[in-house]
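The values are calculated or read from the model by the stated rules, or taken from the named source; none is laboratory data. Computed from a predicted model, the values in this text were never measured in an experiment. Cβ: placed from backbone, ideal geometry, glycine included. Neighbour counts: every protein chain shown.
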Amino acid sequence: MIIRLLLVWPFLSILIGAIVYVIELRRVDDLVKDLAVSESRPFTYDNVDYLNSDEPAHRLLLRERNEEHIRMGHFIAVALYNRARQKVNEVIRPGFDKDLIGWHKQDLIAADGMRYKSFYLDRKISVHVLVPLINGSEEIVGYFEGVYLTDRETMSAIQARTTASLVQVVVIILATAITLYPIIMALNKDLLRLSVDLSQANIGMLKVLGSAVAKRDSDTNAHNYRVTLYAIRFAEAIGLGADSIRSLIKGAFLHDVGKIGVSDTILLKPGKLNGKEFAIMKTHPRHGEDIIGRYAWLKDALSVVRYHHEKFDGSGYGAGLKGEDIPLQARLFAIVDVFDALTSRRPYKEPLPFVAAMRIIRQESGAHFDPRLINIFEGIAWDLFEKIGSVADAAVEMELDALVEKYFNTSKTDNVQYDQFRKNL
Ligand SMILES: [Fe+2]
């Protein structure tokens, strides 16, 4: 969060600083224009009476006044025009360009009202102004044109003001960031807590739903817990990513959720199912899809729920998929589901010894199971059986809880990043 704020600070400083700079430049333009216009005003009033006179004495007086103005004020060039826009006189301060008056003529000359244009001269702001001269009857009797040059003090004051505005922007943005930081952090923490609550609620729902199914055909959740744990460890062994493992966990918990849609007479029948009954039993992956498919958070569990009874050679049921068309999580889950069924006690059978169970699993390589996965499973099966298949149910549940916590980040709220949560949820 600090890094983000530190990155945003210079970005905002530059952006807002640039906006402030442009506004400041416009203000400076207006300021200098106002200075130029106010300085030209008394001077122009003095000349109104003589502008349209051909008397040599009047012309001389006008020139003398212009020369005095150039000496005393900030204008470095002035020119006067009569009513017919003919130039009456023009004075340029010594040392400046003799064509100064003509520089912006095209921009200004067509205007009847006051016009101005600012530009830089010797790194100082200058304003070229054209002011209509009006007599007592509000008639335009001529025009004053002048080039105003700011003095060093005014320029320094303008620069100091612009710099101060920019520094102010940077400081205000930094102060805002520092003030907002604890507020954002507090809100973020609340959000994290809510995310954890939500995550825990979802996991709880997952367990409840899985248990509800397990209760229908067995007394405990042990099978669900063991196959989920086997599936996680197997997935880790083949290097599956965290996203896929999260889908696998959801799918493993809920793999037989569709059995809710199968009647008790078939589900709890002690003997072998007849053809018609088995056909109904085979609908449970589709029921599973109907149940969880509409909930976005569970959608990724479908790869296991919908396809866990597919077989690698295409002879399974569900959607009739074959080979690698069957989602990887379903191919992987099918192995651990059968492995646990073989090695665990059921009301109607004793557990098979590990070696006997593995013999059956191996025989199904390429038929029921993906042979490449079987090769890997053979390498880890004994270890899994020892740590999961041969221990008490409570220990399995504890280890599973720890792994669910790891993959869904349902604890340690202070250390968990919100992005990670959002991804998980
Ligand atoms: Fe099933």
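Criterion applied to I388, I374, I361 was being aliphatic (A, V, I, L, M), in contact with a strand residue (DSSP E or B) (Cβ under 9 Å, 6 or more places away or on another chain), more than 16 Å from the ligand (Cβ to nearest atom) and closer than 30 Å to P270 by Cα, and the one residue passing it is I361. Looking across region 343-378, just one residue is buried (at least 19 other Cβ atoms within 10 Å of the Cβ) and closer than 17 Å to N221 by Cα, and that is T343. Strands (runs of 3 or more DSSP E) fully within region 68-141 that include at least 1 residues being more than 50 Å from the chain's Cα centre (by Cα) and at pLDDT below 85: 75-82, 87-92, 124-134. Return a yes/no flag: does region 268-276 have any residue that is free of Cβ contacts under 8 Å to residues at least 40 places away in the same chain and either part of a helix (DSSP H, G or I) or within 13 Å of the ligand (Cβ to nearest atom) (or both). Yes, that holds for at least one residue.
Pairs are defined by a Cβ separation below 6 Å, a sequence spacing of at least 6 or placement on different chains, a first member in region 295-320 that is touching a residue at least 40 places away in the same chain (Cβ under 8 Å) and over 23 Å from A367 (Cβ atoms), and a second member that is assigned to a loop (DSSP other than H, G, I, E, B) and of a type in the set (A, V, I, L, M); the pairs so defined are A301/L254. When region 237-252 is limited to residues that are away from the ligand (no atom under 16 Å from the Cβ) and in a helix (DSSP H, G or I), the one that is surrounded by the most Cβ atoms within 10 Å (Cβ to Cβ) turns out to be I249. Of the residues that make up region 338-356, is at least one of a type outside the set (A, V, I, L, M), under 21 Å from K250 (Cβ atoms) and either modelled with pLDDT of 90 or more or not in a helix (DSSP H, G or I) (or both)? Checked region 338-356: at least one residue is of a type outside the set (A, V, I, L, M), under 21 Å from K250 (Cβ atoms) and either modelled with pLDDT of 90 or more or not in a helix (DSSP H, G or I) (or both).
Exactly one residue out of H223, H309, H255 is part of a helix (DSSP H, G or I) and either within 13 Å of the ligand (Cβ to nearest atom) or exposed (fewer than 14 other Cβ atoms within 10 Å of the Cβ) (or both), and it is H223.
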